[in-house]
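Here the structure comes first, spelled out in structure tokens, and everything after it is commentary.
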Amino acid sequence: MPNSATTSPAAPRYKGVFPVVPTVFDADGRLDLAGQKRAVDFMIDAGSHGLCILANYSEQFVLTDEERDRVTDAVLAHVDGRVPVIATTTHFATAVCAERSRRAEAMGAAMVMIMPPYHGATFRVPETAIYDFYRGVSDAISIPIMVQDAPVAGTPLSVPFLARMANEIENLSYFKIEVPQSAAKLRALIELGGEAIEGPWDGEEAITLMADLDAGATGAMTGGGYPDGIRQITDAWFAGDREAAADAYQRWLPLINYENRQCGLAACKALMKEGGVIAHDTVRAPQPPMHPATRAGLVEIARRLDPLVLKWGR
């Protein structure tokens, strides 16, 4: 199958593998900033082109605003420009999201990622308000905005609407597509939006990565446990060797699938603890810890692939 990424801009500012950084807690659920820095160092050593902090897989929804600032400051200071860092600044209120985004930019974030405004199961706003929301945030910053089109928001974002925002809102140019039939949506968005779609990206732990690459994705925002494995897929694909990319995808898909379908956001921390990257794989209550049998299954599949995460801290 021929690559279709040539229909997207030739030189996006950011492309490649930008995995989500877990928020590291100690055994009692308090921030562990020393562990946080070790997680970041591992992820860079594992080949991440960039990082994303405070995403849903970072448990952003269990953090206080003060903790968000502490994590952002600690990570950006520790990364110290080694790779670009995307900060998630999602909030229902335009003013709060804009202020979070301003602070992230001032701290050194390269981009902000934002879901459309939602709250709970039923609080949504109409398309005109979503447009004004993103425009309001864009007016407050000068770095790119990535729209996170994810099922958790429960907000339909049509291709024509996304393309319109990309063409009319100055800083809105990246799109992480995680909804069903993601490849079809990416392909349609690239075709309709043209050069305004600077960064069409894959998400959802890379479960649809090959299809999304074929559709024109230029970035992948995955879990943080094995960027070296994801790189085996994307490096081959971007080098024009689709056969090697498909072979790598086939090798890594069992682990990707296990993370996506069995473990969720706890997978990254479990692998990092197993490999001595972090001391504790705590997820903050009320989220339950991973069942030992699930953890054993995750580690068993990972060991067959020999990822850096299982050796980095040993």
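The values are calculated or read from the model by the stated rules, or taken from the named source; none is laboratory data. Please read these numbers as outputs of a predicted model, since none were measured by experiment. Every residue, glycine as well, gets a Cβ built from its backbone with ideal geometry; the counts of neighbours run over all protein chains shown. Please note that ligands, DNA and RNA were not included when accessible areas were found on the heavy atoms of the full protein model with its side chains. Shrake-Rupley method; radii C 1.70, N 1.55, O 1.52, S 1.80 Å.
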Check: Considering only protein heavy atoms, what per residue accessible area in square angstrom results for the chain with a 1.4 angstrom probe?
Finding: 40 Å²
Item checked: Separation in nanometres of the label points that stand 7 Å from Cα toward Cβ, at Thr155 and Ala293 -> 4.0 nm
Check: For Val62 and Val179, FRET efficiency with R0 = 22 Å and r from the beta-carbon atoms, rounded to 0.05?
Finding: 0.35
Notebook entry, point to check: Tell me, what is the percent relative contact order of the range 54-213, built from C-alpha pairs under 8 Å that lie six or more residues apart?
Noted result: 16 percent
Check: How far is it, in nm, from the label point at Ala93 to the one at Ala129 when both lie 7 Å from their Cα along the line to the Cβ?
Finding: 1.5 nm
Next item on the list: Work the Kirkwood hydrodynamic radius out for the range 195-236: mean of 1/r over every pair of different alpha-carbon atoms, inverted, in Å.
Entry: 10.6 Å
Next item on the list: Sort Thr23, Thr294 from largest to smallest accessible area, using a 1.4 Å probe on the heavy atoms of the protein chains.
Entry: Thr294, Thr23
Check: Among the DSSP beta bridges whose two residues both lie in the chain, what percent are antiparallel, rounded to the nearest 5?
Finding: 10 percent
Check: Along the charge dipole of the range 174-302, Cβ charges K/R +1 and D/E -1, which of Val179, Gln287, Gly219 sits furthest on the positive end?
Finding: Gln287
Next item on the list: Using DSSP, restrict attention to beta bridges with both residues in the range 61-219 and report what percent are antiparallel, rounded to the nearest 5.
Entry: 10 percent
Check: Going out from 0 in 10 Å bins, what whole percent of all Cα-Cα distances in the range 246-314 drops into each bin?
Finding: 20, 53, 23, 3
Note to self: Relative contact order of the chain, please, whole-number percent, based on alpha carbon pairs below 8 angstrom and at least 6 residues apart.
What the structure shows: 22 percent
Checklist line | Of all accessible heavy-atom area on the chain, the percent that carbon and sulfur account for (1.4 Å) | finding: 52 percent
Note to self: For the range 106-181 and the range 206-269, what is the centre-to-centre distance using only Cα atoms, to the nearest Å?
What the structure shows: 24 Å
Check: What value, in deg cm²/dmol to 500, does the helix sum -39500 (n - 2.57) over DSSP H runs of n ≥ 4 give at 222 nm once divided by the residues of the chain?
Finding: -13500 deg cm²/dmol
Next item on the list: Quick one: plug the Kirkwood hydrodynamic radius of the chain (C-alpha pairs) into Stokes-Einstein at 10 °C, 1.306 mPa s, and report D in µm²/s.
Entry: 82 µm²/s
Check: Suppose R0 equals 51 Å; then what is the FRET efficiency for Ala239 and Asp28 from their Cβ-Cβ distance, rounded to the nearest 0.05?
Finding: 0.65
Notebook entry, point to check: About the Cα centre of the chain, what is the dipole size in debye to 20, counting +1 per Lys and Arg Cβ and -1 per Asp and Glu Cβ, all else neutral?
Noted result: 440 debye
Note to self: How large is the accessible surface of Lys185 in square angstrom, using a 1.4 angstrom probe and rounding to the nearest 10?
What the structure shows: 30 Å²
Margin query: Sort Arg102, Arg284 by heavy-atom solvent-accessible area, probe 1.4 angstrom, most to least.
Written below: Arg102, Arg284
Next item on the list: Over the range 161-286, calculate the relative contact order: mean separation of alpha carbon pairs under 8 Å at least 6 apart, over the residue count, as a percent.
Entry: 18 percent
